Amino acid sequence: MRALIIGPSETALIKAAIERARANPVPLEEVKRIGRDTNAEVLHLKDHSDRVTHAISVHLPFGYTAAISFEQQPAGLVRHISISVDTPGKMPHMAAVKMIWEAFGMKMPDRSWMEEFAPGHYAVNLVELERGDDAEDMEHTRS
């Protein structure tokens with residue numbers, strides 16, 4: 001397992017990425033256009049190669065990348081985090097995934113899947129419906 005460090009500078013980058021992503025949520029119409037098999041455990045590149053991403057990426061030591069977006073979904077606003085490592089054919093360890101999702105403010109993902117984002121490169125994707133205080137905080141941020 002590779003090391004993961006989330007110190008003050010990484011925390012500042014994560015906070016800035018969350019703020020940028022929150023300020024520009026992906027509209028429901030775009031989510032519908034992208035479309036994906038919501039029951040798939042692995043989404044392959046050939047299944048979504050024309051997709052445009054709205055995610056804000058943060059590079060973390062040592063070779064991790066985490067990308068965040070907020071998306072309007074039929075159930076409401078969701079926080080979507082994608083976590084990968086820089087080595088083809090490798091996936092991040094679940095302990096690192098949990099540390100990263102918590103650093104990005106996710107409490108407990110509602111759904112997860114693997115997604116091929118480049119040939120031989122896969123990411124763990126997690127989504128969580130914004131609930132309660134989080135959703136209220138977001139509404140106050142927009143006002």
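The values are calculated or read from the model by the stated rules, or taken from the named source; none is laboratory data. These numbers were taken from a predicted model, which means no experiment stands behind them. Cβ sites come from the backbone with ideal geometry, for glycine too, and all protein chains shown count toward neighbours.
Taking first residues from the stretch 77-105 that are under 15 Å from HIS59 (Cα atoms) and partners that are in a helix (DSSP H, G or I), the Cβ contacts under 7 Å between residues at least 6 apart in sequence or on separate chains come to ILE81/TRP101; ILE83/VAL97; ILE83/ILE100; ALA103/THR11; ALA103/ILE14; PHE104/ILE14; PHE104/ILE18.
For the stretch 1-39, the set of residues classified as among the aliphatic types (A, V, I, L, M), touching a strand residue (DSSP E or B) at 6+ places or on another chain (Cβ under 7 Å) and at pLDDT below 90 consists of LEU28, VAL31, listed by residue number.
The condition (being surrounded by 18 or more Cβ atoms within 10 Å (Cβ to Cβ) and at pLDDT below 90) is satisfied by just one residue among HIS54, HIS48, HIS44: HIS54. Among the residues of the stretch 78-116, which ones are part of a strand (DSSP E or B), touching a helix residue (DSSP H, G or I) at 6+ places or on another chain (Cβ under 7 Å) and surrounded by 20 or more Cβ atoms within 10 Å (Cβ to Cβ)? Of everything in the stretch 78-116, those that are part of a strand (DSSP E or B), touching a helix residue (DSSP H, G or I) at 6+ places or on another chain (Cβ under 7 Å) and surrounded by 20 or more Cβ atoms within 10 Å (Cβ to Cβ) turn out to be ILE81, ILE83. Within the stretch 117-143, the set of residues being at pLDDT 95 or above and surrounded by fewer than 16 Cβ atoms within 10 Å (Cβ to Cβ) comprises just one member, LEU129.
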